[in-house]
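Please read the structure below before turning to the comments.
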Amino acid sequence: MIDAEPELRKLRGHLLETGTMSPDWVRAYDAVPRALFLPDVMWPSVEGQDIAVSREDDPARWHHWATRNVAITTQWDDGRHTGVARGELPTSSSSMPGMVFSMFADLSVADGMRVLEIGTGTGWCAALLSARLGEDNVVSVEVDETVADRARKALHTAGWHPEVITGDGLLGWPHRAPYDRILVTASVREIPRAWIDQARPGAVLVMPWGTRYTPQDAIVRLVVADDGTASGRFTRPARFMQVRSERLGWPTQSDYILGDSWPADTRESATALIAAEVLPDSDFAAVDFVIGLLVSDCVHTSGRDPYGRLTMWLFGLTDRSWAAVFFDEDDPTDSRVFQGGPRNLWAEVEAAHHWWAEHGRPGHEKFGLTITADGHQQPWLGEPYTNAEVRPILDSTPTFGHDVLPEETRSTSTVPTA
Ligand SMILES: C[S@@+](CC[C@H](N)C(=O)[O-])C[C@H]1O[C@@H](n2cnc3c(N)ncnc32)[C@H](O)[C@@H]1O
């Protein structure tokens, strides 16, 4: 019999010392061991890699990872993938305890509050919320039927009975509204109106939110106002799996450029930006987040071309605009830019980076988001916005358009692959 208690105490100490867990959550943490919600085969994220761990094959190793501060994938490919090997896309998980408790801290719950959770996953968060607020005050919605059934079973076995709904969480759950708090544990690009409509004025919504530019998210804490708007700051960077309907089939070069030559409208130019400025090592770099706020409907990807050059590709999502940047890491003055389509995507990225640098390279937590009454998502920088005016993100919005690119020439060289 493995005694998990010392490891659980160690993690609790760490979460408290780092300020990740607020003291009012200690009782719930102690009452709800995460291991009760984890499947027999699971894939903890260890140094960026999901490793397979089977309880049957190695119980000690399974318990080791069940009590660590790591995210654990619990389903691949919407359940189509079975077995111990990793699948293609992680589609359900138990979030990292540090992230769970910091989101709970952002949620700032008080006794008696009614909470809606979107993304039941393993059911661990729903159990923790039940322990903290009472199971009658917790409703959780999970889109995947198998995941929802498994969570219900795990909850019942552990002695908790919050309402678990199988359905699309983007619709919320109007039958138990209004909610005092809404916690979303899958990331969104578009915040559904239903969540704000189902929250009472003064309610707090906490969720991972991001842009199309990068898979990176940031946790946003929104407070709902009397007039049906919601507004608040980002609290920290994060990386969550996206809600099912917003997953993007990643565009590829051949969707934008047919054949082996640059299209006729290709514009070639130089760039003063070095690769490290726009392709940071960290998955959580603020620059990615901020460029995403400023350059809408655009994704980016990077890699080495067949000649070993570091290459960045940008693809427009609302038209066929594209850009390719070939960085010369030894001599940045030799980096070359190719752009095509109606937008000059690289020029937009350069302008966004310039704006960010001019504003002192602010981090995630300097930004906030307002959802207007008509559902528009308006990011902003600076002091919290008051509902009297929507403060735009930019006091000096860069003008994006066809005239931004300094020198335009046409190239006939061959297209290297991304
Ligand atoms: C990171 S996991 C949730 C972790 C969970 N809170 C826990 O305690 O284990 C994200 C979950 O969101 C679910 N999900 C994705 N899209 C959804 C949607 N539209 N509505 C409800 N759940 C969704 C996924 O199936 C997945 O189980």
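The values are calculated or read from the model by the stated rules, or taken from the named source; none is laboratory data. Please read these numbers as outputs of a predicted model, since none were measured by experiment. Note: ideal-geometry Cβ built from the backbone for every residue, glycine included; neighbour counts use all protein chains shown.
Observations on the structure shown:
- Failed condition for VAL141, given (1) among the hydrophobic types (A, V, I, L, M, F, W, C); (2) more than 10 Å from the ligand (Cβ to nearest atom); (3) closer than 15 Å to MET207 by Cβ: (2)
- Only a single item in (1) over 20 Å from GLY121 (Cα atoms); (2) within 16 Å of the ligand (Cβ to nearest atom); (3) under 11 Å from the mean Cα position of the chain (by Cα); (4) of a type in the set (Lys, Arg) is not met by ARG239, and it is number (1).
- ASP149 being away from the ligand (no atom under 11 Å from the Cβ), assigned by TED's automatic domain parsing to the domain that holds LEU36 and under 18 Å from GLN75 (Cα atoms): yes
- A single entry from VAL115, VAL53, VAL109 fulfils the requirement of being on the phi < 0 side of the Ramachandran plot, more than 9 Å from the ligand (Cβ to nearest atom), out of contact with any Leu (no Cβ under 9 Å at 6 or more places or on another chain) and β-branched (Val, Ile, Thr): VAL53.
- Whichever residue in the range 215-231 is β-branched (Val, Ile, Thr) and surrounded by 23 or more Cβ atoms within 10 Å (Cβ to Cβ) and, among such residues, is nearest to the chain's Cα centre (by Cα): ILE219
- Qualifying residue in the range 126-134 (condition: free of Cβ contacts under 8 Å to residues at least 24 places away in the same chain, of a type in the set (Gly, Ala, Ser) and either touching a His at 6+ places or on another chain (Cβ under 8 Å) or surrounded by fewer than 21 Cβ atoms within 10 Å (Cβ to Cβ) (or both)): yes
- Matching option when the condition is basic (Lys, Arg) and under 22 Å from ILE371 (Cβ atoms), among ARG236, ARG304: ARG236
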